[in-house]
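Asker: Handing you this structure, nothing more for now.
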Amino acid sequence: HKDAHLWAPIKETGARAMAVAARESSRRLQALSSQDRKKILLDIADALEANEELIKAENDADVTEAQLAGYDKSLVARLALKPGKISNLAKSIRVLADMEEPIGRILQKTEVADGLILEKTSCPLGVLLVIFESRPDALVQI
C-alpha cells in the first residue's frame, strides 16, 4: 500500500513495540478493500523478483556466516535459497492474491428462532508471532 511505510516506521525497537506496530498495521490492512490487499500482495511478488540479486547476495552472506559459526550442515542447507526459489515465492504470493476473498464470508447460517438468524462469518485472525529456523520460504507457506 502506498502509505505502508508510514504505518510502522522501521527502527530499532523491542519485541513489544514491534508487536504493537504489527497489530496496528494489521488493523489498517483489514480496513483496506479486497482490491487494495490484492495489489499489496502483487506488489510484494513484483518486489521480490525485482530485488532477486540483492536478496540472493544477502542470503549468500547469511549462509557463509552460518557456516563460519559452525551451524549444522542440514540447517545451513535449508537456509540457502536455491535457484528459482525467489520466482517460486513470487508465484506463491500471486496465487495467494488470486484466491477468493476470505474476509466476511458466511461460513454457516442457522435460523435459531422465527426471524432470528445466527451467522458464522470469517474474520481476520490478527497478528501471529511465528519463529522459524533457517527456512526463508516458510513465511509464504504460513
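Throughout, read-outs are computed from the coordinates displayed, never taken from laboratory work. Source: prediction; values computed, not measured. Neighbour counts are summed over all protein chains in view; Cβ atoms, including those assigned to glycine, are modelled from backbone coordinates with ideal geometry.
Asker: Rounded to the nearest 10 degrees, what's the angle between the helix 52-68 long axis and the longest principal axis of the chain, both from Cα atoms, 0 to 90?
Answerer: Result, in degrees: 60.
Asker: Report the charge-dipole magnitude of the chain in Debye, nearest 20, computed about the Cα centre from +1 at each Lys and Arg Cβ and -1 at each Asp and Glu Cβ.
Answerer: Result for the chain is approximately 200 debye, rounded to the nearest 20.
Asker: Pick out, from Leu48, Leu116, Leu81, the residue whose Cα sits farthest towards the positive end of the charge dipole of the chain, with +1 on the Cβ of Lys and Arg and -1 on the Cβ of Asp and Glu.
Answerer: Leu116
Asker: Summing -39500 (n - 2.57) over the DSSP H runs of n ≥ 4 in the chain and dividing by its residue number, what mean residue ellipticity at 222 nm do you reach, to the nearest 500 deg cm²/dmol?
Answerer: About -17000 deg cm²/dmol.
Asker: Using mean Cβ contacts within 10 Å as the protection proxy, how do 97-108, 42-53 order, highest first?
Answerer: The packing order, highest mean first, is 42-53, 97-108.
Asker: Would you please put 69-77, 110-118 in order of how densely packed they are, using the mean number of other Cβ atoms within 10 angstrom per residue and starting with the highest?
Answerer: 69-77, 110-118
Asker: Compute the long axis of helix 85-97 from its Cα atoms, compare it with the longest principal axis of the Cα atoms of the chain, and write down the angle in degrees, 0 to 90, nearest 10.
Answerer: Rounded to the nearest ten degrees, it is 10.
Asker: What angle do you read, to the nearest 10 degrees and between 0 and 90, between the alpha-carbon axis of helix 15-31 and the longest principal axis of the chain?
Answerer: So the inclination is approximately 50 degrees.
Asker: I've got another one for you. Which ³J(HN,Hα) values in Hz, rounded to whole numbers, follow from the phi angles of the stretch 106-123 under the Karplus curve 6.51 cos²θ - 1.76 cosθ + 1.60, where θ = phi - 60° and Gly and Pro get x?
Answerer: 7, 8, 7, 9, 9, 8, 8, 7, 4, x, 9, 10, 9, 10, 9, 10, 6, 9
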